[in-house]
Structures are given as structure tokens and as C-alpha cells.
1. Check the stretch 154-163 and report whether any residue there is touching a residue at least 24 places away in the same chain (Cβ under 8 Å) and out of contact with any helix residue (DSSP H, G or I) (no Cβ under 7 Å at 6 or more places or on another chain).
2. Would you be able to tell me the number of residues in the stretch 145-171 that are loosely packed, with under 12 Cβ neighbours inside 10 Å and at pLDDT 80 or above?
3. Here are 23, 95: which of them is crowded, with 17+ Cβ neighbours inside 10 Å, at pLDDT below 90 and closer than 24 Å to residue 120 by Cβ?
4. Inspect the stretch 73-82 for any residue being free of Cβ contacts under 8 Å to residues at least 24 places away in the same chain and within 25 Å of residue 165 (Cα to Cα) and give the result as yes or no.
5. So, residue 85, is that one surrounded by 19 or more Cβ atoms within 10 Å (Cβ to Cβ), assigned to a helix (DSSP H, G or I) and more than 13 Å from the chain's Cα centre (by Cα) or not?
6. If you scan the stretch 50-82, which residues turn out to be at pLDDT 95 or above and surrounded by fewer than 18 Cβ atoms within 10 Å (Cβ to Cβ)?
7. Would you mind finding the one in 139, 112 that is on the phi > 0 side of the Ramachandran plot and either crowded, with 20+ Cβ neighbours inside 10 Å or in contact (Cβ under 8 Å) with a residue 24 or more places away in the chain (or both)?
């Protein structure tokens, strides 16, 4: 059950890391979308980096046929279908993050200020919402695993990003 949940949500987990990777690579459009509404850290580049991460990961999953048959929830019939599903994971991840930032600013919380557990799970809500029409209800246990990994894994991924020089802060 754990492997299936992680395999299902892998495109969103990876997509969520791609804006930091894009900043590290200095990709174009690292400009804030709206300092007032979302804060300094939500950039235009995130809206293409997250979908790229989701698409690359979902294409990898389709290529990894044995794993996808064993753990996968979906076997795509075409590359374009895979691109579309990967984009939904990526766009959902970045949209969830932006929605959380919007609410955070309205509550008077500063960019970078910790807001547990929403900082760790914002992308999960967004990606699940956008992929629901295709993925359907995956079951309470699957969602519990996805959220637990997002919350527990958050410090690890941030520390790894800091160590690799992708993030400025480790938490």
C-alpha cells in the first residue's frame, strides 16, 4: 500500500521541488508574481517549473513499465496523455502552494514564516484536487500516507536542498 501511494504521488512530490531547482539553475522569470498577494518567494518560473517536474516524473513512470504495472495507478496510452497528467500534478502542486501563500498573507504571516502543517501540505491539496477527475478517490489510507510523507519528509528535503545549494535556508 505504501509503495502504491508513493508511486501515485511521485510526480507531485518531484514537481514541488522544481521551483527551487529552477532558481538554482537561474531559469528565466524568477520574478515574484505578486509581492502583495503572494509574497516575494512565489515566482512566475514556478508555474512552468512545477509542470516540467510533474511531466518528467510521470513520463519516467510510464517508461518504468514493470514498476508501473506493479505499483502504478495508471498506464498511459500515449505520450500526450502522459504529458497532460504530469502537467496536472505539477500545476496542482504550484497552485496549492500559491493558494496557501495567499491565505497566509491575508492572515498577516510573513513570507518564510513557518505555518505548520500548511507549508508542508499545500502542494498535496492542490495536486490531489487537480488530478481527482482522472485519479478518482484513492482511499483514506493512500491519502494518509501521502500527507504523512509530505509532513515527515519536509525537513529532509529542505536540508538536502540546502546542502546541495538549492535552498538558502534548511527549514
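1. First, the residues of the stretch 154-163 that are touching a residue at least 24 places away in the same chain (Cβ under 8 Å): 154, 157, 161.
Okay, now just the ones that are also out of contact with any helix residue (DSSP H, G or I) (no Cβ under 7 Å at 6 or more places or on another chain), so none.
Among the residues of the stretch 154-163, not one is touching a residue at least 24 places away in the same chain (Cβ under 8 Å) and out of contact with any helix residue (DSSP H, G or I) (no Cβ under 7 Å at 6 or more places or on another chain), which makes the answer no.
2. Residues that pass the stated criteria total 3.
3. Values: 95 fails: at pLDDT below 90.
After applying the criteria, what remains is 23.
4. First, the residues of the stretch 73-82 that are free of Cβ contacts under 8 Å to residues at least 24 places away in the same chain: 75-81.
After this cut, where a residue has to be within 25 Å of residue 165 (Cα to Cα) as well, the list is none.
Taking every residue of the stretch 73-82 in turn, none turns out to be free of Cβ contacts under 8 Å to residues at least 24 places away in the same chain and within 25 Å of residue 165 (Cα to Cα).
5. Numbers: surrounded by 19 or more Cβ atoms within 10 Å (Cβ to Cβ): yes; assigned to a helix (DSSP H, G or I): yes; more than 13 Å from the chain's Cα centre (by Cα): yes.
Spelling it out, residue 85 is indeed surrounded by 19 or more Cβ atoms within 10 Å (Cβ to Cβ), assigned to a helix (DSSP H, G or I) and more than 13 Å from the chain's Cα centre (by Cα).
6. 56
7. Values: 139 fails: either crowded, with 20+ Cβ neighbours inside 10 Å or in contact (Cβ under 8 Å) with a residue 24 or more places away in the chain (or both).
Going through 139, 112 in turn, the sole match is 112.
Residue-wise test of (1) in a strand (DSSP E or B); (2) more than 15 Å from residue 71 (Cβ to Cβ); (3) touching a strand residue (DSSP E or B) at 6+ places or on another chain (Cβ under 6 Å).
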site	(1), (2), (3)
5	no, no, no
12	no, yes, no
24	no, yes, no
30	no, yes, yes
38	no, yes, no
41	no, yes, no
48	no, yes, no
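The values are calculated or read from the model by the stated rules, or taken from the named source; none is laboratory data. Owing to the predicted nature of the structure, the values given are computational and were not obtained by experimental measurement. Positions of Cβ are backbone-derived with ideal geometry, glycine not excepted, and every protein chain shown enters the neighbour counts.
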